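The values are calculated or read from the model by the stated rules, or taken from the named source; none is laboratory data. Quantities reported herein were computed from a predicted structural model and do not represent experimental measurements. Here the Cβ positions follow ideal geometry from the backbone for every residue, glycine too, while neighbour counts run over all protein chains shown. We work out accessible area using only protein heavy atoms, side chains counted, and drop any ligands, DNA or RNA first. Shrake-Rupley method; radii C 1.70, N 1.55, O 1.52, S 1.80 Å.
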Amino acid sequence: MNAGIGITAGRKGVAAIAAAAVFGIPVAAFGAACKQERAVYVDREGAYELRFTPLNSASAAASNQFKVSALKAPVVMEGYVMPSEDPVRAIGILMFNCPEGDATGADLIACTVWQGAVYGIDAEGQMDNLQPEGAEAAEKLVLPGLGPAIRESSAWGEGKASVAPWDVLTFKECAT
């Protein structure tokens, strides 16, 4: 590799990061790839944050795991994305205050806040099923019906969530 090319590429990378900071553009827009398991998203009102975390298991049935936090309340919901077939979909489930250990089907139904398809939108605006860990993070996520589901769940009420999020969340940052 030519040393001049490496220096020039390094300066361009630093310039891109500086431009992102000044203009509020996600660094991912400049090609600094963030993997889906490290992506963090926010709703348009800034009331919720969705943060993916690595599964740390090659044998997990889920393709992704995440937490949704109500930023102005002590509400943290646990979520998973699992592949389904016929038709192929990325199906998400979001739960709040599920019992630890053995849980019955009724217990899981009671603590489920939302369940549905999870879509990712890329930088060109193309929507597809959310990709599994290891793939480049989506620019936006679509979780249809998320806001109304939270409003109707046990995560809603006095001392809990009081603002329903929009169903589209935008990439905020790549967690380290």
Output for the range 119-163, where each listed residue is touching a Lys or Arg at 6+ places or on another chain (Cβ under 8 Å) and within 24 Å of P83 (Cα to Cα): G120, I121, N129, E133, G134, A135, E136, A137
Considering residues of the range 152-167 that are open to solvent by less than 40 Å² (accessible area, probe 1.4 Å) and out of contact with any helix residue (DSSP H, G or I) (no Cβ under 7 Å at 6 or more places or on another chain) only, the residue farthest from G92 (Cα to Cα): G157
Flag if G147 is out of contact with any strand residue (DSSP E or B) (no Cβ under 7 Å at 6 or more places or on another chain) and more than 17 Å from E49 (Cβ to Cβ): no
Residues located in the range 38-80, provided they are acidic (D, E) and under 16 Å from L141 (Cα atoms): D43, E45, E49
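Okay, residues lined up against (1) open to solvent by 90 Å² or more (accessible area, probe 1.4 Å); (2) at positive phi; (3) modelled with pLDDT under 90:
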site	(1), (2), (3)
G4	no, no, yes
C34	no, no, no
E45	yes, no, no
A61	no, no, yes
Scope the range 80-114; condition touching a residue at least 24 places away in the same chain (Cβ under 8 Å) and under 15 Å from S63 (Cα atoms); matching residues: V81, P83, V88, R89, A90, I91, G92, L94
